[in-house]
1. Would you tally the residues in the range 47-86 being assigned to a helix (DSSP H, G or I), within 22 Å of Thr104 (Cα to Cα) and open to solvent by less than 10 Å² (accessible area, probe 1.4 Å)?
2. Go through (1) among the β-branched types (Val, Ile, Thr); (2) in contact (Cβ under 8 Å) with a residue 40 or more places away in the chain; (3) within 29 Å of Ala351 (Cβ to Cβ) and name the single condition Thr24 misses.
3. Which residue out of Ser192, Ser188 is free of Cβ contacts under 8 Å to residues at least 60 places away in the same chain, on the phi < 0 side of the Ramachandran plot and under 22 Å from the mean Cα position of the chain (by Cα)?
4. Go through the residues of the range 356-370 one by one and say whether even a single one is touching a helix residue (DSSP H, G or I) at 6+ places or on another chain (Cβ under 9 Å) and open to solvent by 50 Å² or more (accessible area, probe 1.4 Å).
5. Which of the residues belonging to the range 165-185 are of a type outside the set (A, V, I, L, M) and not in a loop (DSSP other than H, G, I, E, B)?
6. Suppose we filter the range 200-225 for residues that are under 21 Å from Asp171 (Cβ atoms) and open to solvent by 30 Å² or more (accessible area, probe 1.4 Å); how many remain?
7. Given the condition touching a Phe, Trp or Tyr at 6+ places or on another chain (Cβ under 6 Å) and open to solvent by 40 Å² or more (accessible area, probe 1.4 Å), answer yes or no: does some residue in the range 94-105 qualify?
8. Given the options Gly242, Gly232, Gly215, name the one that is within 20 Å of Lys102 (Cβ to Cβ), outside any helix (DSSP H, G or I) and either out of contact with any Gly (no Cβ under 7 Å at 6 or more places or on another chain) or small (Gly, Ala, Ser) (or both).
Amino acid sequence: MKRKKEMLAMLLAGGQGSRLYVLTQELAKPAVPFGGKYRIIDFTLSNCINSHIDTIGVLTQYKPLLLNSYIGNGQPWDLDRINGGVTILQPFMSADLGHWYKGTANAIFQNITFIEQYNPDYVLILSGDHIYKMDYDKMLKYHKEKGADATIAVLNVPIDQASRFGIMNTDDDNKVLEFQEKPEHPISTKASMGVYIFTWEKLRHYLIKDEETAGSSNDFGKNIIPDMLNSGEKMFAYAFDGYWKDVGTIESLWEANMDLLDPKMININDSKWRIYGRNSGSRPHYIGDTATISNSLITEGGEINGNVSDSVISSDVVIEEGANISFSVIMKGARIKKGAIIKYAIIADDAVIGENAVVGKAPEEKDDDEVWGIAVVGRGAKVSDNCVVKMGDKIEPEVIVKEGK
């Protein structure tokens, strides 16, 4: 018999991440490499274990093989436990269920049996594709103090960005009065972070009710939260004032990597709140006599003989003499050959950039008729010698670019 857990976490990690284009053609968004030695999902898993949450269901769906393998038994996050730990939850066939997860609420509904074996008082709902550090213990304490049925973590955002989020209007005690899902005309700047704590008895009732409602989108933001609010349930906003970023686009993923270079933005060297991940097991990195490095993160296993500035370099990357990399993210196993120039770009795993090739361009270098954007070279792609990959271009995985674009 399983031991009772006061609160467990359900981590939604099945997203396709279509706005990341070539980076998610072969893997789910939470599995995208980040910060040189991590994957995006490491931040949410680390938040859980740092918050003393030792029972986590990870709900996967889109291209789950790499993500499932990466999480494994949960050992890197101290989640390899007999009672609790981490459990991969994929859609399955049963007598009454036999379809993909139709929405975020339906994904939790299909796993009610998993939740109930731990008889929790509270359930924490999380997303696996955000970069942030957050103490969920403090949020639970707040939830209990308010006697809440649901608590929604919120972040103040600029008004011109508010239409991208679920937006709440609250009273002076932070009780939620109104909720709008991605409104055209936002009523406030309190944006939902996609982090929810529910009293389990209440959530279970509304999940079942939603499943029985014809035409429902089976979504927390569109259905569960509005239904609870309209029914008069006690719902509160929990204000968060730390770093948080939804890395759902090429630009936001690049920005979050660049933010790692400034500890005032997000400090990954905090010994009191470590970010854990699966170690690559690579040898120590090597920096040659011809290398120059400034304001960059260099991970193990690399061989650096070129010039690197304001960049994030993953494990086992080779940068040859005379290559110049600035304001870029180079993922695991990529090779940058002699004389190549890379600016404001993301180079995916195992890609090869040929001699004297040019990838990307700085914003101040663009012509008047050009639209600036981050250049992306997909996993295993090869950019031949002397080729040009323009700013904003997205090179498909495993292709060979033989001439200028």
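The values are calculated or read from the model by the stated rules, or taken from the named source; none is laboratory data. Given the structure is predicted, the values throughout are model-derived calculations rather than measurements. All Cβ positions, glycine included, derive from the backbone under ideal geometry; neighbour counts span all protein chains shown. The accessibility values were calculated without ligands, DNA or RNA, using every heavy atom of the protein model including side chains. Shrake-Rupley method; radii C 1.70, N 1.55, O 1.52, S 1.80 Å.
1. Final tally of qualifying residues: 4.
2. Thr24 satisfies all of (1) among the β-branched types (Val, Ile, Thr); (2) in contact (Cβ under 8 Å) with a residue 40 or more places away in the chain; (3) within 29 Å of Ala351 (Cβ to Cβ) except (2).
3. From the options Ser192, Ser188, the qualifying one is Ser192.
4. Kept after step one, since they are touching a helix residue (DSSP H, G or I) at 6+ places or on another chain (Cβ under 9 Å), are these residues of the range 356-370: none.
Among the residues of the range 356-370, not one is touching a helix residue (DSSP H, G or I) at 6+ places or on another chain (Cβ under 9 Å) and open to solvent by 50 Å² or more (accessible area, probe 1.4 Å), which makes the answer no.
5. Gly166, Asn169, Thr170, Lys175, Glu178, Phe179, Gln180, Glu181
6. Residues that pass the stated criteria total 1.
7. Yes, the range 94-105 contains a residue that is touching a Phe, Trp or Tyr at 6+ places or on another chain (Cβ under 6 Å) and open to solvent by 40 Å² or more (accessible area, probe 1.4 Å).
8. Details: Gly242 fails: within 20 Å of Lys102 (Cβ to Cβ); Gly232 fails: within 20 Å of Lys102 (Cβ to Cβ).
When all the criteria are applied, what remains is Gly215.
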